[in-house]
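Structure, as structure tokens:
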Amino acid sequence: LKERVARIVAKGGDEVTAGTFHSVFLRMLRREAKALGYPKDFTVFDNDDSVRLVKLILKERGENRFTPRSIHSAISRLKNDMIPPREVAQSADSPREELVAAVYEEYERRLRHHAGMDFDDLLLKPIDLFREHPAVLNDWSARWRYLHVDEMQDTNLAQFELLRLLAGPKPNLFAVGDDDQSIYGWRGARVENIFRFREAFPGTKVFRLERNYRSTQAILDLAHAVVEKSSRREKKKLWTERTGGAVPQVIQFPTDLDEAQEVADIVGREVLSGRRRYRDFAVLYRTNAQSRTFEDILRARRYPYQVIGSLGFYERREVRDAIAFAKLCLNPRDDIALRRIIGEPPRGIGASTIERLVAWATGRDLPLTDALKRADEIEGVAKRSVNACREFAEQIQQWREKLPGMVPNEWMQMVLEDSGYLRRLRDEGGFEAQGRLDNMDAFISSLADAAEEGASLADFLEQAALMTDVDRYQPEDDSVRLMTLHASKGLEFPVVFITGLDEGLFPLANGMNEVLNPDEERRLFYVGVTRAKEELFLTHVTQRRRWGSPVLSEPSPFLLELPRERIHWRVVAGTARSIFEKRHVSLKETRGGSGYDSPTVRTTGAGKSRKRDGSSRPAAHHGADDIPAVRPGDLVEHHLYGRGIVVSTTPMRNDVKVRVEFGDGEQRLMVQSIARLQPVKDFR
């Protein structure tokens, strides 16, 4: 950026201060450190340093309920919101919040003791400096007479306060931002900084840059249709002079495997025809865990791909941990696998004990598992650790004994539950832990896929071992791009697939099925859609694996908000009758003699759906034996409301919830044991 400014400005361009907030204010702090009581050469703790410091504090407290990284993330969010430790301690109302408050206070004390600042301090300390030393603020305000800020929607509270202080009473401040692209609230960004800009800086002039040079108008209209329903936004609508371009497609699939297969089919056809290159395609998804199916299919077809902004699925820490559990149970002599998971989760076998176990086993040429069993014979191992070693050895043996009689995915889930691995992630909570749980979900589902094809656990691990060696592609290389929607911001591609548009997945819901920030999810959809230059595909599946078992899913509400005249939608064979289809068919006609005119349904593969269980439709949900079974897409009759179409079904304990759209256009949620909806065998 600085080089570009120097080229554009004929004279003095190289004197412009340019950089990120953190880099600019770090340079300033080096010059002003003495005023804050720091030496000029204070240490900057990077993220890993900060996590290690938190880890040390937790260890000294004997605390192992939460990971150091999750506690550090909580502290960082508090600092971004400019909340000091004493306020956190006063408002803490749970054991976790009390722990965060205590660690936060000690963390700050030790940073100061070590003459160190973490990344968050590089924003907070300048605020302290300016408030405590007005003369210093005046000097820097005079030095930086003109302030230019890019990506204003991604600033946090501390950054906004810095701008307010530096700009002074007569600001020369120029900020560029788009509230519709504010998607980093989970890491401290505040879209409110856009909305309160005029109030903070009176006399602000707003220039709306609504012309778009990237996408077609059809693509822009879809993005606008969803984001305009945000509870608060700056009024604007993108337009373009670009003409032509394909009509965006919405495709509904039976399963997530069909979804990935069709994406690969489209890529293959376009590349083989010479119309496109691999690098023209981007596959976007809401969570990292969704990449697994696409990676498997693309690798099987030998299509080059790269996962941007993330590790490949089989390289992720939690997936490698799960593989280590499996490898150890298949081969008890695999010391590498054992050493990886002996402390995951913590089980009372510390680093010094592990060193003694390794030395004892190495000296006798025995596997480490033998050392676990015979820990009482090893000098220097405390009695408590001996018991922990013996219990873990017995647990491993039990897992080994159960393996031959269980389906691989069910066995794997049992191991992860029995070991406490999944429980620890659930207890940990937070964005990162939920992402790791999602990856465990996807891993177990991949085991279920392999088991259905007759693969053993050993077969699966061999294939996974090959998949860990993901080729590293550079941006200029010809490869399909896989990435989360967050990682796609700032990029553009001729063809974009936004996958997994299922209710609960996008927009993303928590374990209580609540979307915590619906406006930010809308903005994320907007960002994803506007990555597409020429072609856009939006996909939804009616059945997605969760923890190895197929679960029916409803379409994302975002799909239901799209203007029908702006999309071409199709249903892949084997899918329940489409949610879009039922929106545009008058159910009142089904009471008369007219039939239900289904649109053309495209069949994939060799004349049939590639559904895992071989059936053409999702399995019906049954409750008690006398409850009529219904499926999404079924025509049903209610004794009071008449005929309607089943939109979705959700299994309950010995029952099922059914959502139905009736002829009056209203959707009603019913419990089947009470509603007694009766399937209509024909449409006459």
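Computed from the coordinates by the stated procedures, all read-outs in this text should not be read as laboratory data. Only a predicted model underlies this, so the values are computations on that prediction, with no experimental measurement involved. A quick note on method: Cβ atoms are made from the backbone with ideal geometry, for glycine too, and the neighbour counts reach across all protein chains shown.
Once the dipole of the chain is set up with Lys and Arg at +1 and Asp and Glu at -1 on Cβ about the Cα centre, which of GLY348, GLY430, GLY405 lies farthest towards its positive end?
GLY430
Taking amide H positions as placed in the peptide plane 1.01 Å from N, state which residues far from HIS114 in sequence (5 or more) or on other chains have amide H under 5 Å from it.
Sorted by chain and number, the residues that satisfy this come to none at all.
Can you give the percent of C-alpha pairs in the range 118-190 whose distance is more than 17 Å? Before the final figure, lay out the partial values.
Details: 1273 of 2628 pairs.
Percentage above 17 Å: 48.
With a 10 Å Cβ neighbour count serving as the proxy for reagent exposure, in which order, fewest first, do MET406, MET117 appear?
Numbers: MET406 15, MET117 22.
Sorted ascending by nearby Cβ count, the order is MET406, MET117.
Name the residues whose placed amide hydrogens come within less than 5 Å of the amide hydrogen of GLU554, ignoring near sequence neighbours (fewer than 5 apart) on the same chain.
Close amide H contacts, sequence-distant or interchain: GLU503.
Using a 7 Å offset from the Cα along the Cα-to-Cβ direction at both ARG320 and GLU132, what is the distance between the two label points in nm, to one decimal?
Simple spin-label model gives 4.2 nm for this pair.
Taking amide H positions as placed in the peptide plane 1.01 Å from N, state which residues far from VAL647 in sequence (5 or more) or on other chains have amide H under 5 Å from it.
GLY633, ARG659, VAL660, GLU661
Pairs to check: LYS170/LYS205; LYS205/LYS235; LYS327/LYS383; LYS79/LYS125; LYS2/LYS34. Give those whose C-alpha atoms are more than 19 Å from each other in this structure.
Values: LYS170/LYS205 14 Å; LYS205/LYS235 15 Å; LYS327/LYS383 29 Å; LYS79/LYS125 11 Å; LYS2/LYS34 29 Å.
In this structure, LYS327/LYS383; LYS2/LYS34 exceed 19 Å between Cα atoms.
Report the charge-dipole magnitude of the chain in Debye, nearest 20, computed about the Cα centre from +1 at each Lys and Arg Cβ and -1 at each Asp and Glu Cβ.
Here the size comes out at about 1320 debye.
Only four residue types carry charge here, +1 at the Cβ of Lys and Arg and -1 at the Cβ of Asp and Glu. Report the dipole size of the range 2-200 about the Cα centre in Debye, rounded to the nearest 20.
580 debye
Extending each Cα 7 Å along its Cβ direction at GLN90 and LEU209, get the distance between those two points in nm, one decimal.
Once both label points are built, they end up 4.3 nm from each other.
Hey, how many Å between the Cα centroid of the range 227-293 and the Cα centroid of the range 322-396?
Computed from Cα coordinates, the inter-centre distance equals 48 Å.
Give the relative contact order (percent, whole number) for the chain; include only Cα pairs under 8 Å separated by 6+ residues.
Details: 1072 pairs, mean separation 96.4, N = 684.
That works out to 14 percent.
Using all alpha carbons of the range 115-160, what is the percent of pairwise distances in each 5 Å bin, ordered from the shortest bin to the longest?
The calculated distribution, bin by bin, is 5, 17, 21, 27, 22, 8, 1.
If you count, for each residue, the other Cβ atoms within 10 Å and average over each peptide, how do 432-439, 264-271, 92-99 line up from highest to lowest?
432-439, 264-271, 92-99
Using only the Cα atoms, what convex hull volume per residue in Å³ does the range 2-200 have?
That works out to 147 Å³ per residue.
Can you give the helix-only mean residue ellipticity at 222 nm for the chain, where every DSSP H stretch with n ≥ 4 adds -39500 (n - 2.57) and the sum goes over all residues, rounded to the nearest 500 deg cm²/dmol?
-12500 deg cm²/dmol
If we count every other residue with Cβ under 15 angstrom of GLU514's Cβ, Lys/Arg +1 and Asp/Glu -1, where does the sum land?
Working: positive: none; negative: GLU503, ASP519, GLU520, GLU521.
Every neighbour counted, the sum reads -4.
From the C-alpha coordinates alone, can you work out the Kirkwood hydrodynamic radius of the chain, in Å? Present the calculation step by step, with values, prior to reporting the outcome.
Details: mean 1/r = 0.0347 Å⁻¹.
Roughly 28.8 Å, rounded to one decimal.
Grab the Cα-Cα distance for LEU56 and THR243, subtract it from 0.36 nm times how many residues apart they are, and report the gain in nm with one decimal.
On the way: separation 187, 0.36 × 187 = 67.32 nm, distance 5.98 nm.
Between LEU56 and THR243, full extension yields 61.3 nm more.
Can you check what the Kirkwood hydrodynamic radius comes to for the range 313-469, Cα pairs only, in Å to one decimal? Write out the running numbers ahead of the final one.
Details: mean 1/r = 0.0613 Å⁻¹.
Kirkwood radius, the range 313-469: 16.3 Å.
If you put +1 on each Lys and Arg Cβ and -1 on each Asp and Glu Cβ, how big is the dipole of the range 199-342 around its Cα centre, in Debye rounded to 20? Spell out each step's value before the answer.
Working: 28 positive and 20 negative charges, 110 e Å.
Here the range 199-342 has a charge dipole of around 540 debye.
Got a sec? Charge dipole of the chain, +1 on Cβ for Lys and Arg, -1 for Asp and Glu; which of VAL529, VAL381, VAL263 is way out at the positive end?
The residue sitting farthest along the positive end of the dipole is VAL529.
In nanometres, what is the gap between the two model label sites at GLN395 and LEU669, each 7 Å from Cα along Cα-to-Cβ?
Between GLN395 and LEU669, the simple spin-label model gives 3.8 nm.
Putting +1 on Lys and Arg Cβ atoms and -1 on Asp and Glu Cβ atoms, find which of ALA337, TYR421, ALA393 reaches farthest to the positive end of the dipole of the range 313-469.
The one lying farthest along the dipole's positive direction is ALA393.
How much FRET efficiency would the formula 1/(1 + (r/R0)^6) give for GLU108 and ARG164, where r is the Cβ-Cβ distance and R0 is 22 Å, rounded to 0.05? Kindly include the intermediate steps, with their values, before the conclusion.
Numbers: r = 24 Å, r/R0 = 1.10.
The calculated FRET efficiency here is 0.35.
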